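Read the structure below first, then the notes.
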Amino acid sequence: QVQLVESGGGLVQPGGSLKLSCAVSGLTVSTYMMGWFRQAPGKQREFVAATHWNTDTRYADSVKGRFIISRDNAKNMVYLQMNNLRPEDTAVYHCNADPPRNELWGQGTQVTVSS
C-alpha cells in the first residue's frame, strides 16, 4: 500500500522559512517524478514544484527563486525548502507523484504565513 505523509508545516512570519518533508512508503521515489502541490482556502489545488528522477526540477512561477525541491532516494523522502515566505503561500501542502495520482493524496501539512 502506497502512503505519503507530509510534515514540517507551521506558522511563520512573512520572510521566514520552512522545510517540508514527505515520507513515502510503497513507492520508490527514485523511479517517479515527485511533486509538491498546495491548496489555499477557497481555491483549487495548484502545482508548486516537481523533481524528475534525473534530478531535473521545475517550479511554479509564483515560487521560483524562493522554493527548492529535493529528494533523498536512500531515505525515500521528498523535501520542499521554502524561503522568503509570503502570506499568499498560506495553504495546505501535499506531496504526490507528478502528474498527481488521486489515490496518493494524503492529509497534507498546513503552512500559514502571517505576522
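The values are calculated or read from the model by the stated rules, or taken from the named source; none is laboratory data. Computed from a prediction, not measured in an experiment: that's the story for all the values here. All Cβ positions, even for glycine, are placed from backbone atoms using ideal geometry, and neighbour counts span all protein chains on display. The protein model used for the area step is the full one, side chains on, heavy atoms only, and it has no ligands, DNA or RNA in it. Shrake-Rupley method; radii C 1.70, N 1.55, O 1.52, S 1.80 Å.
Of all residues in segment 102-115 being of a type in the set (A, V, I, L, M, F, W, C) and touching a helix residue (DSSP H, G or I) at 6+ places or on another chain (Cβ under 9 Å), which is surrounded by the most Cβ atoms within 10 Å (Cβ to Cβ)? Restricting to residues being of a type in the set (A, V, I, L, M, F, W, C) and touching a helix residue (DSSP H, G or I) at 6+ places or on another chain (Cβ under 9 Å), the top hit is 111.
Determine whether residue 58 is assigned to a strand (DSSP E or B) and without any contact (Cβ under 8 Å) to a residue 12 or more places away in the chain. Against the criterion (assigned to a strand (DSSP E or B) and without any contact (Cβ under 8 Å) to a residue 12 or more places away in the chain), residue 58 qualifies. Filtering 14, 99, 87, 41 for residues that are under 30 Å from residue 115 (Cβ atoms), at pLDDT below 95 and either loosely packed, with under 15 Cβ neighbours inside 10 Å or among the acidic types (Asp, Glu) (or both) leaves a single hit, 41. Here is the figure for segment 57-77: residues that are open to solvent by less than 90 Å² (accessible area, probe 1.4 Å) and at negative phi total 13.
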